[in-house]
1. Taking the stated definitions as given, is residue 183 at pLDDT below 95 and either in contact with a helix residue (DSSP H, G or I) (Cβ under 7 Å, 6 or more places away or on another chain) or within 16 Å of the ligand (Cβ to nearest atom) (or both)?
2. Is it true that residue 265 is away from the ligand (no atom under 16 Å from the Cβ), closer than 29 Å to residue 300 by Cβ and touching a helix residue (DSSP H, G or I) at 6+ places or on another chain (Cβ under 9 Å)?
3. Search the stretch 326-343 for residues being part of a loop (DSSP other than H, G, I, E, B) and loosely packed, with under 15 Cβ neighbours inside 10 Å, and hand back the single one that is farthest from the ligand (Cβ to nearest atom).
4. I need a count of the residues in the stretch 292-325 that are within 16 Å of the ligand (Cβ to nearest atom), touching a strand residue (DSSP E or B) at 6+ places or on another chain (Cβ under 6 Å) and part of a helix (DSSP H, G or I).
5. Output yes when any residue across the stretch 31-44 is assigned to a helix (DSSP H, G or I), in the same structural domain as residue 111 (by TED's automatic domain parsing) and either crowded, with 21+ Cβ neighbours inside 10 Å or over 31 Å from the mean Cα position of the chain (by Cα) (or both), and no when none is.
6. Being within 30 Å of residue 447 (Cβ to Cβ), more than 14 Å from the ligand (Cβ to nearest atom) and either in a helix (DSSP H, G or I) or touching a strand residue (DSSP E or B) at 6+ places or on another chain (Cβ under 8 Å) (or both): is that true of residue 241 here?
7. Of everything in the stretch 186-236, what is within 16 Å of the ligand (Cβ to nearest atom) and assigned to a loop (DSSP other than H, G, I, E, B)? Give them in sequence order.
Ligand SMILES: [Zn+2]
């Protein structure tokens, strides 16, 4: 039995961080550790088999009043590293101190406050997410300090593992890969549409916006991908070959709504969903992709939830917000869809690859403002096709250095490599280019599984 005693303040926050490291990451059974909060304790005191380890508190004791830590000035400005036990771990809160004692050790790195910082993303709420639904990712601590390609929460858990007795059963996790898709638009142009565009473009000239295709590009696309289901088939063949799960998030916009790239009630949408469901492939999970029209508007949210439920003929169990637009109000709405924990996958960078919440396994979300663990499990997405494009890699080698580094780490921590490839690209050559990259990535990941 592992016994913890902690300072008696910020109890929900401390409990969440302790459970995240012990239960979510290390896979300890909740019965294998006990946590006590005491007024006369000032650090995290860990007693294991008569040995005493002190993990110093360098954060929550400074903010005894609930939520008083939630200020921009409490986000660190500098990065230091912890060097105990031959490790080099980023310190978000704490200091570079490791003192081995006859019967234990003192650790200066506050892994609990640092884990809480990374997983709850409270920093993002202060940087504008609550009002705008998103924030400037270049302003995030992990990005500014260049540690966004390190799953540091997994690294913190490894430090903790050093002190655990061998009889504590840790769950064994396997490295897995999931290919997820935001279904943002799949309608292949009809010949009538192409004829109309031909006439329009002959009179008014070629479209000026990149996303609007020329009639020649439309023909090329139509010949390569003749039906609305063609793009899906391409990816499903890939995931079948690699025997991995594939998740589809469907948008359910109606006629006239902003960015209604396809309509929930049109024949093609029903056909595509019907086809995927008919496959009865246990690896396919169909989910919900709420449009930006739902942000801050509960009426639209409710409308879209009933549309997706009708289309799927069941309540969605997975989801991701379109444009990754969400805040705590949105997350609380996700929580009301089903009673069991719903799987969500919103934690991903727009313009870079890596670990936005510093972790490569699914974990429970925490409502920072209501101070409670949520009934939602986040599956952080680590590599997204559009982020590769927006990052503007100079060479293919630069891209692959990042990809290999990331995949190898997810493998090292037996994590879950969630990839996102959009189903929306209507330009044939771009689509083939991204599809090929997806294939190469899955190939690399499966070689990693088999060889190391
Ligand atoms: Zn989307």
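The values are calculated or read from the model by the stated rules, or taken from the named source; none is laboratory data. Treat the numbers as computed from the prediction; the structure is a model and nothing was measured. FYI the Cβ positions are ideal-geometry reconstructions off the backbone, even for glycines, and counts take in every protein chain you see.
1. Details: at pLDDT below 95: no; either in contact with a helix residue (DSSP H, G or I) (Cβ under 7 Å, 6 or more places away or on another chain) or within 16 Å of the ligand (Cβ to nearest atom) (or both): yes.
No: the conditions fail for residue 183.
2. On the way: away from the ligand (no atom under 16 Å from the Cβ): yes; closer than 29 Å to residue 300 by Cβ: yes; touching a helix residue (DSSP H, G or I) at 6+ places or on another chain (Cβ under 9 Å): yes.
Yes, satisfied.
3. First, pick out the residues of the stretch 326-343 that are part of a loop (DSSP other than H, G, I, E, B): 326-327, 336-341.
Filter once more, so that each one left must be loosely packed, with under 15 Cβ neighbours inside 10 Å: 336, 338-340.
Details: 336: 22, 338: 21, 339: 26, 340: 25 Å.
Here the answer is 339.
4. 1
5. Our first condition is that a residue be assigned to a helix (DSSP H, G or I); within the stretch 31-44, this holds for 31-32.
Of the ones still in play, those that are also in the same structural domain as residue 111 (by TED's automatic domain parsing) are 31-32.
Filter once more, so that each one left must be either crowded, with 21+ Cβ neighbours inside 10 Å or over 31 Å from the mean Cα position of the chain (by Cα) (or both): none.
The answer is no; no qualifying residue exists.
6. Details: within 30 Å of residue 447 (Cβ to Cβ): yes; more than 14 Å from the ligand (Cβ to nearest atom): yes; either in a helix (DSSP H, G or I) or touching a strand residue (DSSP E or B) at 6+ places or on another chain (Cβ under 8 Å) (or both): yes.
When the stated conditions are applied, residue 241 passes them.
7. Correct list: 186, 187, 211.
For (1) at positive phi; (2) in the same structural domain as residue 76 (by TED's automatic domain parsing); (3) assigned to a helix (DSSP H, G or I), each residue gets a yes or a no:
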residue	(1), (2), (3)
134	no, yes, no
146	yes, yes, no
150	no, yes, no
154	no, yes, yes
168	no, no, no
